[in-house]
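Rule-based calculations on the coordinates, nothing more; no lab input. All figures in this text were calculated on a predicted structure; none of them were measured in a lab. Every residue, glycine among them, receives a Cβ derived from its backbone with ideal geometry; neighbour counts consider all protein chains shown.
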Amino acid sequence: MSNKIIIIDYGAGNTKSLGNMLEFLGYEYEITSEKEKILAAKKIIFPGQGHFEQAMKKLNAQNLAPTIKNAINNGADFLGICLGLQVLFEKSEEAPNIEGLGIFKGEVKKFQIGKTPQIGWNKIKTTNSNTYLNDDYFYFVNSYYVLPEDKSIISSVTNYHIDFCSSIQKDNVCALQFHPEKSSDAGIKFFKNWLI
């Protein structure tokens, strides 16, 4: 397995600030869509910005969906950020006819009250001691949130008119609705914990 951190390149996602964060922390990384490199990596990051349908279409067009599933099943540490959290589920209200990766049962819902997207700093409250996170303020940009069937995978909640799941963690999968790479000291602390 490669020690280089792989950032999945599917033609979208906020890779520049993520790369800056990893460089700042002294880690080697590569942005790639090469399946062999993804499958050989110990740590994989799926950066997310954009639309659920566009992301899934790109993943399917590049045959990356099964590659991601195989990497997770093979034990690679997987980090999903923002849309990278949402695509782990079965479906989204953003694109009702498009299937997600279905790694976890549940769906992605749109906020029904309040201005969308939620943009800015908001506090997370951890709900699971087995997490890389601390109760802190992180940077969010989201109109949608995940609703997992299995509540035990929820690792933090946040309030934006309602309490919603802001991160999940199960085995080698960690995924966040917020952007740790844009979250200053709280983000640095998270990455230091996850990158160990």
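A crude spin-label estimate for the pair residue 110 and residue 49, with each label 7 Å from Cα along the Cβ direction, gives 2.2 nm. The HN-Hα couplings worked out from phi for the range 120-126 by the Karplus form 6.51 cos²θ - 1.76 cosθ + 1.60 (θ = phi - 60°) are x, 7, 8, 8, 9, 10, 5 Hz, whole numbers, x standing for Gly and Pro. Using the alpha carbons alone, the radius of gyration of the chain stands to its Kirkwood radius in an Rg to Rh ratio of 0.93. When the charge dipole of the range 5-195 is built from unit charges on Cβ atoms (+1 for Lys and Arg, -1 for Asp and Glu) and taken about the Cα centre, the candidate among 157, 32, 6 whose Cα reaches farthest toward its positive end is 157. For residue 45, the amide hydrogen comes within under 5 Å of the amide hydrogens of 6, 7, 8, 79, counting only partners 5 or more places away or on other chains and with H modelled in the peptide plane. Each part reduced to its alpha carbon centroid, the range 9-77 and the range 90-151 end up 19 Å apart.
Would you mind getting me the FRET efficiency between residue 40 and residue 61? Use the beta-carbon distance for r and R0 = 22 Å, nearest 0.05. Before the final figure, lay out each step's value.
Values: r = 22 Å, r/R0 = 1.01.
The computed FRET efficiency comes out at 0.50.
Dipole size of the range 5-195 about its Cα centre, with +1 on Lys/Arg Cβ and -1 on Asp/Glu Cβ: approximately 160 debye, rounded to the nearest 20. For residue 98, the amide hydrogen comes within under 5 Å of the amide hydrogens of 92, counting only partners 5 or more places away or on other chains and with H modelled in the peptide plane.
Amide H contacts of residue 121 (H built 1.01 Å from N, in plane; Pro and chain starts excluded): 140 sit under 5 Å, all sequence-distant by 5 or more or on other chains.
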